[in-house]
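Peer 1: Would you mind keeping the following structure in view while I ask a few things?
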Amino acid sequence: MARIRIEREKCKGCLLCVSACPKGLITIDKKLNARGIKPVRFKTDSLCLGCCMCAFICPDCCIEVYK
């Protein structure tokens, strides 16, 4: 099982990670960050495969995956 960390304040809401997650565990958060953008969040990381596709595709390096 992997552990995921998203830097909400750096996220620009491009949603590339949403389409990259093979398990569909990433969604848009309802709360805005300090920049006025809805960042992404993980629905749950208990099912995360730790494939790191979300971290690889993030253009701003906002996602870290810990195995």
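Each reported figure results from applying straightforward, stated rules to the coordinates on display, with no laboratory input. Values in this document were obtained by computation on a predicted structure and should not be read as measured data. Glycine gets a Cβ as well: all are built from the backbone with ideal geometry, and neighbour counts include every protein chain shown.
Peer 1: Taking the Cα-to-Cβ direction at Lys43 and at Ile57 and moving 7 Å from each Cα, how far apart do the two end points lie in nm?
Peer 2: In this crude spin-label approximation the distance works out to 1.5 nm.
Peer 1: Which far-off residues, 5 or more places away or on another chain, put their amide H under 5 Å from the one on Val40, with H placed in the peptide plane?
Peer 2: Gly13, Asp29
Peer 1: Over every pair of different alpha-carbon atoms in the stretch 3-66, take the mean of 1/r and invert it; report that Kirkwood radius in Å. Working shown, then result.
Peer 2: Details: mean 1/r = 0.0869 Å⁻¹.
Mean inverse Cα-Cα distance, inverted, gives 11.5 Å.
Peer 1: Express the relative contact order of the chain as a whole percentage, based on alpha carbon pairs under 8 Å and six or more residues apart in sequence. The partial results should precede the final answer.
Peer 2: Numbers: 122 pairs, mean separation 31.3, N = 67.
It rounds to 47 percent for the chain.
Peer 1: Still on this structure, please answer the following. Which ³J(HN,Hα) values in Hz, rounded to whole numbers, follow from the phi angles of the stretch 27-40 under the Karplus curve 6.51 cos²θ - 1.76 cosθ + 1.60, where θ = phi - 60° and Gly and Pro get x?
Peer 2: Each residue's phi maps through the Karplus curve to give 9, 7, 6, 7, 8, 7, 8, 5, 7, x, 10, 7, x, 8 Hz.
Peer 1: Residue separation times 0.36 nm, minus the C-alpha to C-alpha distance between Arg35 and Val18: what's the value?
Peer 2: On the way: separation 17, 0.36 × 17 = 6.12 nm, distance 1.98 nm.
Computed gain between Arg35 and Val18 is 4.1 nm.
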